[in-house]
1. For segment 59-86, give me each residue that is hydrophobic (A, V, I, L, M, F, W, C) and in a helix (DSSP H, G or I).
2. Scan segment 196-224 for residues that are out of contact with any Asp or Glu (no Cβ under 9 Å at 6 or more places or on another chain) and assigned to a loop (DSSP other than H, G, I, E, B) and jot them down.
3. Could you say whether any residue in segment 343-356 is under 19 Å from residue 283 (Cα atoms) and β-branched (Val, Ile, Thr)?
4. Looking at segment 348-402, which of its residues are outside any helix (DSSP H, G or I) and either under 18 Å from residue 260 (Cα atoms) or polar (S, T, N, Q) (or both)?
5. If a residue must be out of contact with any Asp or Glu (no Cβ under 8 Å at 6 or more places or on another chain), surrounded by 16 or more Cβ atoms within 10 Å (Cβ to Cβ) and touching a residue at least 60 places away in the same chain (Cβ under 8 Å), how many such residues does segment 338-363 contain?
6. Only one of 171, 204 is surrounded by fewer than 21 Cβ atoms within 10 Å (Cβ to Cβ) and without any contact (Cβ under 8 Å) to a residue 40 or more places away in the chain; which?
7. Take segment 119-130 and flag every residue that is buried (at least 16 other Cβ atoms within 10 Å of the Cβ) and either in a helix (DSSP H, G or I) or among the β-branched types (Val, Ile, Thr) (or both).
8. Considering only segment 1-58, state which residues are in a loop (DSSP other than H, G, I, E, B), among the aliphatic types (A, V, I, L, M) and surrounded by 16 or more Cβ atoms within 10 Å (Cβ to Cβ).
Amino acid sequence: MTSTIALPQNRTIHHTVLSNGITVLVTENPSADIIAARLFFKAGSRWEPHDKAGLSHLVAAVMTKGTKNHSSLEIAERVESIGASLGTDAASDYFLLSLKTVSADFPEMLTLAGELLRSATFPESEVELERRLTLQAIRSQQEQPFTIALDRLRQAMYGDHPYALSGLGTTETIENLTREDLQTYYKTHFRPDNLTISIAGRITPDQAVSHVEAILGNWKAPVTPFADLDLSIVTPNPTRSTVPQDTQQSIVILGYLAPSVQSDTMEDYAALKLLNTYLGNGLSSRLFVELREKRGLAYEVSAFYPTRLDTSYFVTYMGTAPGNTAIALSGLKTEVDRLCAAPLNDEEIQTAKNKLLGQYALGKQTNSQLAQIFGWYETLGLGVAFDTHFQEAISRVTAEAAQEIACRYFGDPYVSLLGPAEAIENLHI
């Protein structure tokens with residue numbers, strides 16, 4: 001089944017579903033002799049039990065270290081000998097295999113990718129090596145004040161939901177994961193009817209689909225259907241977390257539960273993306289201007305609102321001198337509260353729209369970016385037409401709507417503080 005979807009900037013996406021369930025997206029872009037592909041699975045840390053946190057990351061780290069036909073060294077040599085790139089990654093809502101190569105070598109690289117998808121062996125020695133490296137990375141994170149404070153915030157906000165934990169997992173979960181756990185995850189999630197392949201570059205849709213058919217067309221989907229996820233419901237219960245630590249600066253973080261990226265919350269999602277841009281994106285953002293430039297309170301200050309399949313979070317944060325912790329906490333809360341207290345003026349909201357849409361357009365320039373964003377949208381269940389819907393939704397946001405959304409979501413915040421005990425205890429906002 002094949003269809004074409006016309007998008008802005010004279011861009012057309014060809015959408016094909018093979019008989020075994022693989023979805024193939026093709027964006028023809030002949031401007032450079034490069035092809036990028038992103039192979040997405042509906043997997044990632046969202047699909048991990050709490051006691052196996054970090055499993056997706058470990059699978060990604062070991063998956064390229066051997067197949068039935070090639071050793072880790074042979075795989076690396078095949079990629080490097082033609083100047084290509086190939087890698088794996090695990091995020092909250094997806095698992096990804098990425099590749100990029102010149103057009104002539106694309107069939108060879110896709111063949112290697114197919115081998116990794118179907119016959120990775122997860123050698124015990126490689127599992128143990130990556131386990132040690134992951135434990136080192138976790139220990140390194142535990143030495144970073146911002147990461148510690150953000151971990152505490154996520155745990156308070158999400159409870160038993162997988163979003164509560166770092167994608168690396170915890171020391172305890174990583175130590176207890178086995179090679180069999182990795183193999184079970186691999187067999188469960190790596191199946192053709194769970195795969196979206198997004199390809200962009202100097203290749204026609206017919207050529208791309210033909211290559212995928214030749215390499216993965218005989219991969220049969222299991223008869224067993226996907227098991228439904230039984231995730232805990234995230235309910236608001238704003239709390240405060242403090243981590244006394246003898247640091248040279250205090251970390252102040254405010255968090256608010258925010259909507260997922262779904263059709264029924266599209267207008268809310270777009271308004272919050274716009275408010276995030278206005279509040280904490282760049283040197284001209286309100287937080288930077290008001291709290292760093294005018295008041296000199298912040299070493300760093302910003303905001304973020306990640307796109308998530310389940311309930312997301314809107315976060316503002318600041319690093320400040322310990323002696324300024326109380327006034328910094330108050331100032332950060334005040335700037336968020338202002339979004340509800342008064343609407344943005346016409347110039348402010350138009351500037352935020354221009355910035356957000358401009359940055360969005362700049363994020364779709366290379367073949368790798370094109371393959372990434374369209375494959376990501378398809379994997380999240382939004383479809384590639386979300387590219388148009390998102391931009392239209394941003395354009396429709398009014399100052400009054402943005403204010404209403406701010407009042408709805410920015411009530412009492414979750415608070416996470418880290419710094420010297422005398423600076424962070426007994427603070428009120």
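Each value in this text was obtained by applying a stated rule to the coordinates, not by laboratory testing. Computed from a predicted structure; not experimentally measured. Cβ placement follows ideal geometry from the backbone for every residue including glycine, while neighbour counts extend to all protein chains displayed.
1. 59, 60, 61, 62, 63, 73, 75, 76, 79
2. Hits for segment 196-224 are 217, 218, 219, 220, 223, 224.
3. Checked segment 343-356: at least one residue is under 19 Å from residue 283 (Cα atoms) and β-branched (Val, Ile, Thr).
4. 365, 366, 380, 381, 382, 383, 384, 385, 397, 398
5. Residues flagged as out of contact with any Asp or Glu (no Cβ under 8 Å at 6 or more places or on another chain), surrounded by 16 or more Cβ atoms within 10 Å (Cβ to Cβ) and touching a residue at least 60 places away in the same chain (Cβ under 8 Å) within segment 338-363 amount to 8.
6. That would be 171, the only listed residue that is surrounded by fewer than 21 Cβ atoms within 10 Å (Cβ to Cβ) and without any contact (Cβ under 8 Å) to a residue 40 or more places away in the chain.
7. 121, 126, 127, 130
8. Result: 18, 22, 43, 53.
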